[in-house]
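The values are calculated or read from the model by the stated rules, or taken from the named source; none is laboratory data. Keep in mind it's a predicted model, so treat the numbers as computed, not measured. As a convention, Cβ positions derive from the backbone with ideal geometry for all residues, glycine included, and neighbour counts pool all protein chains shown. Heads up: the accessible areas ignore ligands, DNA and RNA and are worked out on the full protein's heavy atoms, side chains in. Shrake-Rupley method; radii C 1.70, N 1.55, O 1.52, S 1.80 Å.
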Amino acid sequence: QSVLTQAPSASGTPGQRVTISCSGSRSNVGPNIVSWYQQVPGMAPKLLIYSNDQRPSGVPDRFSGSKSGTSASLAISGLQSEDEADYFCAAWDDSLHGVIFGGGTKLTVL
Amino acid sequence: QVQLQESGPGLVKSSETLSLTCTVSGGSIAGGNYHWTWIRQHPGKGLEWIGYVYDSGSTHSNPSLKSRVAMSVDMAKKQFSLHLSSVTAADTAMYYCARAQTIFAAAPVFDSWGQGTLVTVSS
């Protein structure tokens, strides 16, 4: 069971906006920055968001991140078929003294 | 553009040691700017951080694996390695090497990844 909690699945139609949540605690998401990763089936994960809301160069601005308290969110606007993938959140945990990941959310574009 | 490539046996016998190497190309492995990282993913499951190795040679491992994990870095070869001892079927997974920027301290900002290598533990 992951320390960071994500819904196992989400879906949307092309053009829609979807939000994926990541729930943590005062030992991880609360005091530390959150990153988000996109993993297309059969590929390695790709950094999508870092420092809660920053996009690496090359990541479309359709992807945005936010954090409030002990929860973080990834929003994808203008949903496209190519966005169909697994999405993972990650943070450092001060109690476990290690990196933890969410269990992942599988996004389906209907 | 930095590239990372894992290498090592795809099949390891139970109770033996899993050894993998990650070769870094197109960028520096030195300079203190990065943590070099191992992450694994069990089939159909989520991601699990194994640990960091720094260019100083010091390491920081997942507490749940710490007793079985050893990591090292070879600056001259631009490689870093993972050794996981006493493996069982539960260690069957895709193993990834990745790079994290030290500017974010120990935060999981993994900006470059290898393609991954599947390791199966057989009995």
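Annotations
- The range B:1-20, subset assigned to a strand (DSSP E or B) and open to solvent by 40 Å² or more (accessible area, probe 1.4 Å), residue farthest from B:Ala98 (Cα to Cα): B:Lys13
- The residue that is nearest to the other protein chains (Cβ to nearest Cβ), counting only those in the range B:21-46 that are open to solvent by 20 Å² or more (accessible area, probe 1.4 Å) and in a strand (DSSP E or B), is B:Gln41.
- Residue satisfying all of: in the range B:65-80; buried (at least 21 other Cβ atoms within 10 Å of the Cβ) and touching a residue at least 40 places away in the same chain (Cβ under 8 Å); farthest from the chain's Cα centre (by Cα) among these: B:Val73
- Any hit, the range A:31-39, residues being away from every other protein chain (no Cβ under 14 Å) and open to solvent by less than 30 Å² (accessible area, probe 1.4 Å): no
- Filter pass, B:Tyr96 being touching a residue at least 24 places away in the same chain (Cβ under 8 Å), under 15 Å from B:Trp113 (Cβ atoms) and more than 13 Å from chain A (Cβ to nearest Cβ): no
- Residue match in the range B:44-64 (condition: touching a residue at least 60 places away in the same chain (Cβ under 8 Å) and either touching a Lys or Arg at 6+ places or on another chain (Cβ under 7 Å) or within 20 Å of A:Trp36 (Cβ to Cβ) (or both)): no
- Selection within the range B:82-123 - surrounded by fewer than 21 Cβ atoms within 10 Å (Cβ to Cβ), in contact with an Asp or Glu (Cβ under 8 Å, 6 or more places away or on another chain) and assigned to a strand (DSSP E or B): B:Gln101, B:Thr117, B:Val121
- Test: residue in the range A:20-27 that is assigned to a loop (DSSP other than H, G, I, E, B), modelled with pLDDT of 95 or more and within 14 Å of chain B (Cβ to nearest Cβ): yes
- Options A:Gly78, A:Gly42, A:Gly58; residue that is over 20 Å from B:Ala105 (Cβ atoms), open to solvent by less than 40 Å² (accessible area, probe 1.4 Å) and in a loop (DSSP other than H, G, I, E, B): A:Gly78
- Residues of the range B:59-81 classified as assigned to a loop (DSSP other than H, G, I, E, B), within 14 Å of chain A (Cβ to nearest Cβ) and out of contact with any Phe, Trp or Tyr (no Cβ under 8 Å at 6 or more places or on another chain), total: 3
- Qualifying residue in the range A:87-95 (condition: surrounded by fewer than 19 Cβ atoms within 10 Å (Cβ to Cβ), closer than 20 Å to A:Thr5 by Cα, free of Cβ contacts under 8 Å to residues at least 12 places away in the same chain and within 14 Å of chain B (Cβ to nearest Cβ)): no
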